[in-house]
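**Q** First, the structure itself, so that you have it in front of you.
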Amino acid sequence: MMEFTIVLLLCLSVIAVLSDLKSGRIPNGIIAAGSVCGLLYRIFADGAAGIVLYLGGAILPILIFGVFYYFRMIGAGDIKLLCMAGGFFGPSGCFACIKWAVFLGGLISLAIMLRRHNIEERTAFFAEYIGRYAKDRQWRSYMSETKEDARFCFSVPILLGILCRIGGSI
């Protein structure tokens, strides 16, 4: 059962990432299918306690990334993809996946900035954005003010985080 679950989670995650790379969106149908499968897996694996594990894993990404979504620093699809994976993993596995995704996303971001020679520009933009919000407390979308070349699909490091978590087994 576990091998099937891993393959299912990986297939859904890869489809989500490919869709994100192609269109900039992760279809809700993929997330819904994965969420149902994650819930069923948790129930079969852990009985009634599986529902609690599922909910804990599915809600954790919202709690951790909610403020980043509020400022549009991360997309809703990325959070939903993490929620889907969290449903399979439960809270502790989801947290491990998030740690890997953030770490690997940071490395990817650093590599992109080094390649584009814009670390100072990106750091100054971020500092200015935070400073403006701290000063006037007026909401502005972070991404709407960001140049297109400063964006990347966070779903890629999420997939890598899922792979790292699976390396430790579901």
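**Q** Which ones in segment 89-124 are farther than 30 Å from residue 56 by Cβ and of a type in the set (A, V, I, L, M, F, W, C)?
**A** Hits for segment 89-124 are 110, 111, 112, 113, 114, 119, 124.
**Q** Continuing with this model, one more query. Which residue out of 34, 38 is surrounded by 15 or more Cβ atoms within 10 Å (Cβ to Cβ), small (Gly, Ala, Ser), over 13 Å from the mean Cα position of the chain (by Cα) and within 19 Å of residue 168 (Cα to Cα)?
**A** Details: 34 fails: within 19 Å of residue 168 (Cα to Cα).
Sole residue among the options that is surrounded by 15 or more Cβ atoms within 10 Å (Cβ to Cβ), small (Gly, Ala, Ser), over 13 Å from the mean Cα position of the chain (by Cα) and within 19 Å of residue 168 (Cα to Cα): 38.
**Q** Let me ask another. Could you list, in sequence order, the residues of segment 28-61 that are in contact with a helix residue (DSSP H, G or I) (Cβ under 6 Å, 6 or more places away or on another chain) and either in a loop (DSSP other than H, G, I, E, B) or under 17 Å from residue 99 (Cα atoms) (or both)?
**A** Scanning segment 28-61 gives 56, 57, 58, 60, 61.
**Q** While we're looking at this one, here's another question. I'd like to check something: does segment 96-104 contain any residue that is assigned to a helix (DSSP H, G or I), exposed (fewer than 13 other Cβ atoms within 10 Å of the Cβ) and modelled with pLDDT of 95 or more?
**A** So the first thing to find is which residues in segment 96-104 are assigned to a helix (DSSP H, G or I), and the list is 96-104.
Those left that are additionally exposed (fewer than 13 other Cβ atoms within 10 Å of the Cβ): none.
No, segment 96-104 has no match at all.
**Q** Exactly one of (1) of a type outside the set (A, V, I, L, M); (2) modelled with pLDDT of 95 or more; (3) within 20 Å of residue 159 (Cα to Cα) is unmet by residue 69. Its number?
**A** (2) is the only condition that residue 69 fails.
**Q** Among the residues of segment 77-90, is any at positive phi, among the small types (Gly, Ala, Ser) and at pLDDT below 95? Full working, then the answer.
**A** Residues of segment 77-90 at positive phi: 90.
Still in the list and also among the small types (Gly, Ala, Ser): 90.
Filter again for at pLDDT below 95, leaving none.
No, segment 77-90 has no match at all.
**Q** Let me ask something else. Return the residue satisfying two criteria in turn: it lies in segment 109-138 and is touching a helix residue (DSSP H, G or I) at 6+ places or on another chain (Cβ under 6 Å) and of a type in the set (A, V, I, L, M), and of such residues it is farthest from residue 159 (Cα to Cα).
**A** At the first step, the residues of segment 109-138 found to be touching a helix residue (DSSP H, G or I) at 6+ places or on another chain (Cβ under 6 Å) are 113, 119, 122.
Subsequent filtering for residues that are of a type in the set (A, V, I, L, M) retains 113, 119.
Details: 113: 21, 119: 25 Å.
Within segment 109-138, the match that is farthest from residue 159 (Cα to Cα) is 119.
**Q** Restricting attention to segment 116-138, report how many residues are surrounded by 10 or more Cβ atoms within 10 Å (Cβ to Cβ) and part of a helix (DSSP H, G or I).
**A** Taking segment 116-138 and keeping what is surrounded by 10 or more Cβ atoms within 10 Å (Cβ to Cβ), we get 116, 118-119, 121-133.
Restricting the remaining residues to those that are part of a helix (DSSP H, G or I) gives 116, 119, 121-133.
Residues flagged as surrounded by 10 or more Cβ atoms within 10 Å (Cβ to Cβ) and part of a helix (DSSP H, G or I) within segment 116-138 amount to 15.
**Q** Condition test on residue 158, is it surrounded by 14 or more Cβ atoms within 10 Å (Cβ to Cβ) and at pLDDT 85 or above? Give the steps one after another, and end with the answer.
**A** Values: surrounded by 14 or more Cβ atoms within 10 Å (Cβ to Cβ): yes; at pLDDT 85 or above: yes.
So residue 158 fits the description; yes.
The values are calculated or read from the model by the stated rules, or taken from the named source; none is laboratory data. Because the structure is a prediction, the values reported are computed rather than measured. All Cβ positions, even for glycine, are placed from backbone atoms using ideal geometry, and neighbour counts span all protein chains on display.
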